[in-house]
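Could you have a look at this structure, given as structure tokens, before my questions?
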Amino acid sequence: MAFELPQLPYAKDALEPHIDAKTMEIHHGKHHSGYTTKLNGALEGSGKESDTIETILENLDMNNAALRNNGGGYYNHCLFWEVMSPNGGGTPSGALAQAIDTAYGSFEDFKTAFSNAAATQFGSGWAWLCVQKGGKVEVCSSANQDNPLMPGVGCGGTPILGLDVWEHAYYLNYQNRRPDYINAFFNVINWDKVSALYEQNK
Ligand code: MN
């Protein structure tokens, strides 16, 4: 059973002005679609066709560039669309808020740590908030389409929030101003979804 490109959970202009419709159209319809097609190609004849994407990534041979790049690209963008919402922004609540405070002292200090991880990831990559078994949260970043499910990447644990800092994610609207894009992302974070992922994976 082949992986399928998921539908966006909102209209492609729904995140404006923070993320523009043209970027969403190309990012989802071309980039994520491309990763999905190439992931299916890389899985043909591998014996992993029936595995979940999480199982594939957790057991990845990091020397398998096609599966690493396209499996990562498929998973990362699936998460990315889900953790944004036109009704997003604000701050988390409940157990996730407590875990963030425990790890970073305050939401503002977490925001600084996450923003720094996103801003200082050289070239293409992602910033993450991950949860480890037991409920501890941690910020990290990774290069290209790697993610913390893969062996030896980033902070380990399960990603519950991801920010794409490839230029294709922001260049049309923000050109080289990655920090402005990072700041805008905080206006669309779907904290209800991130909290649900925290509860499922802690
Ligand atoms: Mn992307």
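Would you please give the FRET efficiency between Thr91 and Thr37, computed as 1/(1 + (r/R0)^6) with r the Cβ-Cβ distance and R0 = 25 Å, to the nearest 0.05?
For Thr91 and Thr37, the calculated efficiency is 0.10.
Among Lys22/Lys136; Lys38/Lys193; Lys12/Lys38, which pairs are too far apart, with a Cα-Cα distance over 32 Å?
Violating the 32 Å Cα-Cα cut-off are Lys22/Lys136.
Among 184-190, 83-89, 62-68, 126-132, what's the highest-first ranking by average C-beta atoms within 10 angstrom per residue?
Result, highest mean Cβ count within 10 Å first: 126-132, 184-190, 83-89, 62-68.
Are there GluC sites (Glu not before Pro) in the range 1-109 that DSSP puts in a loop and that have at most 16 other Cβ atoms within 10 Å, and which ones?
Of the GluC sites (Glu not before Pro), the ones in loops of the range 1-109 whose Cβ has at most 16 other Cβ atoms within 10 Å are Glu4, Glu44, Glu49.
For the chain, give me the percentage of DSSP beta bridges that are antiparallel, rounded to the nearest 5 percent.
Taking every DSSP beta bridge with both residues in the chain, the antiparallel ones total about 100 percent.
Considering only protein heavy atoms, what per residue accessible area in square angstrom results for the chain with a 1.4 angstrom probe?
46 Å²
Where the Cα atoms of the range 90-173 are projected onto their three principal axes, how long is each span, largest first, in whole Å?
So the extents along the principal axes, rounded to whole Å, are 35, 31, 16.
While we're here: Going by Cα centres, the range 122-142 and the range 83-106 are how many Å apart?
14 Å
The values are calculated or read from the model by the stated rules, or taken from the named source; none is laboratory data. Computed from a predicted model, the values in this text were never measured in an experiment. Note: ideal-geometry Cβ built from the backbone for every residue, glycine included; neighbour counts use all protein chains shown. What goes into the accessible areas is simple: the full protein's heavy atoms, side chains included, and nothing from ligands, DNA or RNA. Shrake-Rupley method; radii C 1.70, N 1.55, O 1.52, S 1.80 Å.
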